[in-house]
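Chemist: Handing you a structure now.
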Amino acid sequence: MAEQQAASTNTIFKVDIVVIGAGQAGLSSAYHLGRLGLAVGRQFLVLDRNPTPGGAWQHRWPSLTLSTVNRLHDLPGMQFSEAVDTSSGEARASVAVPEYFAAYERKFELPVYRPVTVKVVCERSGRLRIETDREMFSARGIINATGTWETPVIPDYPGAAQFTGRQLHSHDYRTPDEFAGQHVIVVGGGISALQHLDEISKVAGTTWVTRHEPRFRDTPFVQEDGRAAVAMVEDRVRRGLVPGSVVSVTGIPLTPALRAARERGVLKRLPMFSEITEDGVLWPDGSMQKADVILWATGFRSSLDHLAPLQLREDNGGIVMTGRLATEVKKDPRIHLVGYGPSASTIGANRAGGAAARELAAHLGLI
């Protein structure tokens, strides 16, 4: 069995490498560790906080389908179409991607233990102690693939506490129908914000606000765009800066749905408000908009709090990364971060998983 249920015990399990997270980056890393000849379950294992396969995809809103996701990439060694019928493109991403991940874990017999929530990682006698809500593990090295889904970002705005309506983040968005007949302020300039805006505007009044002027693109997204985005973010993390936004480099593709939304007059962007009131928002010029809901589509940050005792961050909050694909933490080469910085995209996660597996195994003398 690829998936194994963790049981509560005081035993400390020792392995060479622990992969934390079983999303795209974690599964890619585990696949490559196996391809390097490391013994499944003895030399490496994967810890996943979710009770079932699928990573963060299983928590995405139901209206997100295979045709509306930004982009999906096959995991190494197995095509998406081998496990899921993608012909219509209308399958829910929250169902189809978990089906694919589950089939992938089975095919390659990946040693995924779940549900196990990693609480903290700390130094213990030259090894890394991984304390969870169940067992404790001891490893010589870690590939951290916890992604960002569990740490949504909501900016701290004056007056937020006095707003009498509802506030929620993309993390908690489910369906536009729950906002029918209301007025919703959608905050954010990314792809998720625009998907929310498009859907909600069909059943409710909407106001769209962003911090920066959005840049739309009429041309298709090509490899050069991807390379430019990755290079920008990689440069930042190699200098120890907090990873930046990929959309700022690539722009937002004008899909048929967004073109239709523009024709309906929905894509009328306003600058960020300065204050939240009891019943809406207020701009510096005194203009205001009453609202029932504020939907913060303001992104996520990397879920790395469990690594805090290792003191990997710089004073500015960034982490200096090194290695061929910038997955290795310069302060501690026993730790690789995948799904972080330049490897935050699905295709980047695949490549980073391979690089992290090879570099960490070599550093530990396993290959």
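The values are calculated or read from the model by the stated rules, or taken from the named source; none is laboratory data. Keep in mind the model is a prediction, meaning the values are calculated, not measured. Backbone-built Cβ (ideal geometry, glycine too); neighbour counts: all protein chains shown.
Chemist: Return the pairs, sorted by first residue and then second, in which the second residue is among the small types (Gly, Ala, Ser) and surrounded by 14 or more Cβ atoms within 10 Å (Cβ to Cβ), the first residue lies in the stretch 290-317 and is within 21 Å of Glu150 (Cβ to Cβ), the beta carbons are less than 6 Å apart, and the residues are 6+ apart or on different chains.
Modeler: Taking only residues 6 or more apart or on different chains, the pairs are Ala297/Ser170; Ala297/Gly188; Ala297/Ser192; Ala297/Ala193; Thr298/Gly188.
Chemist: Then there is this: Quickly run through the stretch 299-341 and pick out the residues that are β-branched (Val, Ile, Thr) and out of contact with any Lys or Arg (no Cβ under 6 Å at 6 or more places or on another chain).
Modeler: The answer is Thr327, Val329, Ile335, Val338.
Chemist: I would also like to ask the following. Which residue is modelled with the highest pLDDT, if the candidates are limited to the stretch 215-242 and must be within 27 Å of Leu267 (Cα to Cα) and crowded, with 17+ Cβ neighbours inside 10 Å?
Modeler: The extreme case among them is Ala229.
Chemist: Turning to a different aspect of this structure: Which residues, taken from the stretch 166-208, are farther than 23 Å from Thr148 by Cα, surrounded by fewer than 20 Cβ atoms within 10 Å (Cβ to Cβ) and in contact with a Phe, Trp or Tyr (Cβ under 6 Å, 6 or more places away or on another chain)?
Modeler: Ala204
Chemist: Could you list, in sequence order, all residues of the stretch 222-245 that are in a loop (DSSP other than H, G, I, E, B) and either in contact (Cβ under 8 Å) with a residue 40 or more places away in the chain or touching a strand residue (DSSP E or B) at 6+ places or on another chain (Cβ under 6 Å) (or both)?
Modeler: Listed by number, the residues that qualify are Arg239, Gly240, Leu241, Val242, Pro243, Ser245.
Chemist: Is it true that some residue in the stretch 276-288 is of a type in the set (Gly, Ala, Ser), under 28 Å from the mean Cα position of the chain (by Cα) and within 24 Å of His171 (Cα to Cα)?
Modeler: The answer is no, given that none of the residues of the stretch 276-288 is of a type in the set (Gly, Ala, Ser), under 28 Å from the mean Cα position of the chain (by Cα) and within 24 Å of His171 (Cα to Cα).
Chemist: Another one. What about Arg324, is it of a type outside the set (Phe, Trp, Tyr), touching a Ser or Thr at 6+ places or on another chain (Cβ under 6 Å) and surrounded by fewer than 17 Cβ atoms within 10 Å (Cβ to Cβ)?
Modeler: no
Chemist: Is at least one residue of the stretch 41-48 over 14 Å from Ala356 (Cβ atoms), under 20 Å from the mean Cα position of the chain (by Cα) and in contact (Cβ under 8 Å) with a residue 12 or more places away in the chain?
Modeler: For the stretch 41-48, residues over 14 Å from Ala356 (Cβ atoms), under 20 Å from the mean Cα position of the chain (by Cα) and in contact (Cβ under 8 Å) with a residue 12 or more places away in the chain: present.
Chemist: Being at pLDDT below 95 and surrounded by fewer than 22 Cβ atoms within 10 Å (Cβ to Cβ) is the filter here, so list the residues in the stretch 139-151 that pass it.
Modeler: Within the stretch 139-151, Thr148, Trp149, Glu150, Thr151 meet the criteria.
Chemist: How many residues, within the stretch 311-347, are out of contact with any Asp or Glu (no Cβ under 6 Å at 6 or more places or on another chain) and either assigned to a helix (DSSP H, G or I) or not assigned by TED's automatic domain parsing to the domain that holds Ala30 (or both)?
Modeler: 4
Chemist: Taking the stretch 292-312 only, how many residues are crowded, with 17+ Cβ neighbours inside 10 Å and more than 19 Å from the chain's Cα centre (by Cα)?
Modeler: 5
Chemist: Of Thr132, Thr117, which residue is surrounded by 15 or more Cβ atoms within 10 Å (Cβ to Cβ), touching a Ser or Thr at 6+ places or on another chain (Cβ under 8 Å) and within 30 Å of Met78 (Cα to Cα)?
Modeler: Answer to the check: Thr117.
Chemist: May I pose another question? Checking Ser125 against (1) touching a His at 6+ places or on another chain (Cβ under 9 Å); (2) at positive phi; (3) among the polar types (S, T, N, Q), only one condition comes out false. Which one?
Modeler: So Ser125 meets the others, but not (1).
Chemist: Output yes when any residue across the stretch 17-30 is of a type in the set (A, V, I, L, M), touching a strand residue (DSSP E or B) at 6+ places or on another chain (Cβ under 7 Å) and in a loop (DSSP other than H, G, I, E, B), and no when none is.
Modeler: yes
Chemist: Filter the stretch 139-178 down to the residues that are in the same structural domain as Leu194 (by TED's automatic domain parsing) and among the basic types (Lys, Arg), then identify the one that is nearest to Thr327 (Cα to Cα).
Modeler: Once the filter is applied, the top-ranked residue is Arg174.
Chemist: Given the structure, is Phe108 in contact with a helix residue (DSSP H, G or I) (Cβ under 7 Å, 6 or more places away or on another chain), assigned by TED's automatic domain parsing to the domain that holds Phe44, among the aromatic types (Phe, Trp, Tyr) and surrounded by fewer than 23 Cβ atoms within 10 Å (Cβ to Cβ)?
Modeler: Values: in contact with a helix residue (DSSP H, G or I) (Cβ under 7 Å, 6 or more places away or on another chain): yes; assigned by TED's automatic domain parsing to the domain that holds Phe44: yes; among the aromatic types (Phe, Trp, Tyr): yes; surrounded by fewer than 23 Cβ atoms within 10 Å (Cβ to Cβ): yes.
Taking the combined requirement at face value, the residue satisfies it.
Chemist: What tally of residues in the stretch 31-50 results from selecting those that are modelled with pLDDT under 95 and either assigned to a helix (DSSP H, G or I) or of a type outside the set (Gly, Ala, Ser) (or both)?
Modeler: Total satisfying the criteria: 2.
Chemist: Now a separate question. Of the residues that make up the stretch 330-345, is at least one in contact with a strand residue (DSSP E or B) (Cβ under 7 Å, 6 or more places away or on another chain), within 19 Å of Arg140 (Cβ to Cβ), buried (at least 20 other Cβ atoms within 10 Å of the Cβ) and of a type in the set (Val, Ile, Thr)?
Modeler: yes
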